[in-house]
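Peer 1: One structure, pasted below without further comment.
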Amino acid sequence: MKRFLILFLVVSVILSFIAISLEGIPVQDLSEHPQKIKILLDIAGDDDLKPLVAEHLLEAFSKTENINAVLEIEKGVSYVVSVVLVEARAGQDKRKTGNIVACVQYIDYFDNSILKPDVAVSNWERVNDLTVNLIEHSQAGLYLFPKNDLGNVASGVVSKFQKLFLEKRE
């Protein structure tokens, strides 16, 4: 019985030392690792172009390690890349030329629900400041390219987005 009690005491002391030493080991903080930034791709324009451009943009953004692009608004969206597409037409019969004009706007995500309380109390100065901030934190670019060059344009959109917003965050 004495041997059992001594063995139990020794095991208890050893386990206590192990528990105390484990408390001293720092836990790795997961917030140090950069999280993926979620952006909304808002694509408008000719119906036959939208799926093509969406596919190329999603592919281009997926190649980056720190960006997650989505096509529907959802929780966690930080930025919006808005693309408006028009295919050029020529002649009186308005036949398509195969050239595309795209206006791309890069915007810090703006939730206009914050305006509702301000409008209700007629705090127009605050509404004006928020609108000015929205405009000042937007960047627009115009692209003219042949229809078969969507991949290069998508890569250009991604690199410009990274230059405008992600480099500022570092």
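Peer 1: Looking only at the range 83-97, count every residue that is among the small types (Gly, Ala, Ser), exposed (fewer than 12 other Cβ atoms within 10 Å of the Cβ) and assigned to a strand (DSSP E or B) and tell me the total.
Peer 2: Of the residues in the range 83-97, 1 are among the small types (Gly, Ala, Ser), exposed (fewer than 12 other Cβ atoms within 10 Å of the Cβ) and assigned to a strand (DSSP E or B).
Peer 1: Among the listed residues Val81, Val101, identify the single one that is in contact with a Leu (Cβ under 7 Å, 6 or more places away or on another chain), under 30 Å from Phe165 (Cβ atoms) and at pLDDT 85 or above.
Peer 2: Step by step, each of Val81, Val101 is checked, and only Val81 is in contact with a Leu (Cβ under 7 Å, 6 or more places away or on another chain), under 30 Å from Phe165 (Cβ atoms) and at pLDDT 85 or above.
Peer 1: Shifting gears a bit: Go over the candidates Lys50, Lys63, Lys36 one by one and state the one that is under 12 Å from the mean Cα position of the chain (by Cα), at pLDDT 80 or above and surrounded by 10 or more Cβ atoms within 10 Å (Cβ to Cβ).
Peer 2: Answer to the selection: Lys36.
Peer 1: Spot the failing condition for Leu57; the list is (1) of a type outside the set (S, T, N, Q); (2) modelled with pLDDT under 80; (3) surrounded by 14 or more Cβ atoms within 10 Å (Cβ to Cβ); (4) under 17 Å from Leu150 (Cα atoms), and only one is missed.
Peer 2: (2)
Peer 1: May I ask you to say which residue of Ser12, Ser31 is in a helix (DSSP H, G or I) and modelled with pLDDT of 75 or more?
Peer 2: Among Ser12, Ser31, only Ser12 is in a helix (DSSP H, G or I) and modelled with pLDDT of 75 or more.
Peer 1: Go through the range 41-79 residue by residue and tally those that are touching a residue at least 60 places away in the same chain (Cβ under 8 Å) and either at positive phi or touching a Pro at 6+ places or on another chain (Cβ under 6 Å) (or both).
Peer 2: Here the count works out to 1.
Peer 1: So, in the range 155-165, how many residues would count as being within 15 Å of the chain's Cα centre (by Cα) and under 10 Å from Leu57 (Cα atoms)?
Peer 2: The number of residues fulfilling the criteria is 2.
The values are calculated or read from the model by the stated rules, or taken from the named source; none is laboratory data. Because the structure is a prediction, the values reported are computed rather than measured. When we count neighbours, we look across all protein chains shown, and the Cβ atoms used for this are built from the backbone with ideal geometry, even at glycine.
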